[in-house]
Amino acid sequence: MYEKVENILKMAKESNTSVIAFICMDYVMARSVVYAAEAANTPAIVMLYPEHVTVQHTTGFRKFAAMVKELANEVKVPIGLHADHDYTYNNIMTTINAGFESVMMDGSMNDLDKNIELTKQVVLKAHELGVCVEGEIGHVGLASDSDNHNEDLYTKADAAEKFCKETGVNSLAVSIGNAHGEYKETPHLDIARLEEIHAATDVPLVLHGGSGIPDDQLLTAFSKGINKFNLGTEFLGKYYSAVADFSKENADNKDPVKIINMPAYVQAKLQPYLEERMKTLCHF
Ligand SMILES: [Zn+2]
């Protein structure tokens with residue numbers, strides 16, 4: 001069933017675990033997540049990266065939101081809908097008007113005061129509309145630039161405390177040795193720093209750049225305040241492989257209509273992977 005992200009995060013915090021938010025760019029990915037969540041008997045979040053609409057045109061905001069809510073209502077487990085990184089008030093209002101009740105305002109490339117100012121402006125309007133907001137402090141950079149080693153980008157507990165108090169965000173993305181994309185070598189999360197941030201704040205914390213962090217580190221982080229975990233690169237990679245496998249298996253096929261079997265083929269490959277991730281990592 002469709003459930004507001006705010007409520008799913010509350011459930012995760014109470015259970016001292018994390019929900020996984022999967023980047024989905026189309027129907028096949030969203031449907032795979034929803035049905036894997038049902039099979040794993042755990043809540044999940046379907047997350048849209050706004051650039052997939054504005055740059056790659058894989059879907060539209062309004063149709064994606066409606067599709068996810070409809071899919072969610074086909075199953076019993078709570079399914080949330082969230083819009084990932086956006087950077088301006090106007091863009092976020094477009095997403096909210098399209099039906100998203102959970103958004104991210106990422107002002108982390110600015111200094112603390114500017115980040116607070118921009119995020120607060122979004123939070124005030126969003127809360128008026130019943131929408132929850134994820135902020136980011138410190139900066140989660142790119143694994144390809146080895147940003148996960150750059151401690152200058154890491155979240156500081158005192159800044160996190162000030163940020164939460166002054167903006168009123170509902171959740172907070174932190175930088176503790178994580179980065180977006182594929183890591184060059186095994187990352188090591190700064191758990192001591194996470195504990196400090198967790199002690200200084202009372203909102204659910206969010207871990208971006210989840211692909212490639214070892215499970216034992218993830219489970220430790222989930223027991224110390226991380227209640228939402230974003231998975232993008234790894235899931236997109238599985239999608240890519242499944243499409244490649246379908247093409248390979250049908251290389252000699254002469255019937256163009258056979259492409260209609262591709263979505264179900266891909267979903268059958270994605271679902272076991274998703275189910276395994278949820279069963280291993282989410283303990284509600
Ligand atoms: Zn991110």
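The values are calculated or read from the model by the stated rules, or taken from the named source; none is laboratory data. Only a predicted model underlies this, so the values are computations on that prediction, with no experimental measurement involved. Ideal geometry is used to build each Cβ from the backbone, glycine not excepted, and the neighbour counts take in all protein chains shown. Ligands, DNA and RNA are excluded from the accessible area calculation, which covers all protein heavy atoms including side chains. Shrake-Rupley method; radii C 1.70, N 1.55, O 1.52, S 1.80 Å.
Leaving ligands, DNA and RNA out of it, rank R31, R62, R193 by accessible area with a 1.4 Å probe, largest first.
Details: R31 70, R62 155, R193 50 Å².
Highest to lowest solvent-accessible surface, that is R62, R31, R193.
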Suppose R0 equals 30 Å. What FRET efficiency, 1/(1 + (r/R0)^6) with r the Cβ-Cβ distance, do Y2 and M109 give to the nearest 0.05? 0.40
Over 20 Å between alpha carbons, listed pairs K238/K279; K114/K224; K125/K228: K114/K224; K125/K228
Quick check: pseudo-label points 7 Å beyond the Cα along Cα→Cβ at E117 and K184, how many nm apart are they? 3.5
Can you return the lysines within cross-link range of K258? Criterion is Cα-Cα under 16 Å, with same-chain partners fewer than 8 residues away left out. K248
Nearest-0.05 FRET efficiency for A39 and K258 at R0 = 22 Å, using Cβ-Cβ distance, is 0.20
Whole-percent carbon and sulfur share, accessible surface of the chain, 1.4 Å: 52
Whole-number accessible area per residue in Å² for the range 38-113, which is evaluated in the context of all protein chains at 1.4 Å: 42
What does the accessible area per residue of the range 159-237 come to in Å², with a 1.4 Å probe and no ligands, DNA or RNA counted? 35
What's the Kirkwood radius of the chain in Å, using all Cα pairs? 19.1
Amide H neighbours of V174 under 5 Å, counting only residues 5+ apart in sequence or on other chains, H built in-plane at 1.01 Å? V206, H208
Positive dipole terminus of the range 5-281, leading residue within F222, T59, L71 (C-beta point charges): L71
Once phi is turned into θ = phi - 60°, what whole-Hz ³J(HN,Hα) does the Karplus curve with 6.51, -1.76 and 1.60 give for every residue of the range 254-271, x standing for Gly and Pro? 10, 9, x, 5, 4, 4, 4, 7, 5, x, 5, 4, 5, 4, 5, 7, 6, 4
Relative to the longest principal axis of the C-alpha atoms of the chain, give the angle of the C-alpha long axis of helix 61-72, reported between 0 and 90° and rounded to the nearest 10°. 70
Which angle from 0 to 90°, rounded to the nearest 10, does the C-alpha axis of helix 191-200 make with the longest principal axis of the chain? 60
Compute, for the range 155-224, the length of the dipole vector about the Cα centre, with Cβ point charges of +1 (Lys, Arg) and -1 (Asp, Glu) only. Units Debye, rounded to 20. 160
Using the crude model of +1 on Lys and Arg Cβ and -1 on Asp and Glu Cβ, and no other charge, please compute the dipole size for the range 5-281 relative to its Cα centre, in debye to 20. 860
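Please tell me the relative contact order of the range 5-281 in percent, rounded to the nearest whole number, where contacts are Cα pairs under 8 Å and at least six residues apart.
It rounds to 20 percent for the range 5-281.
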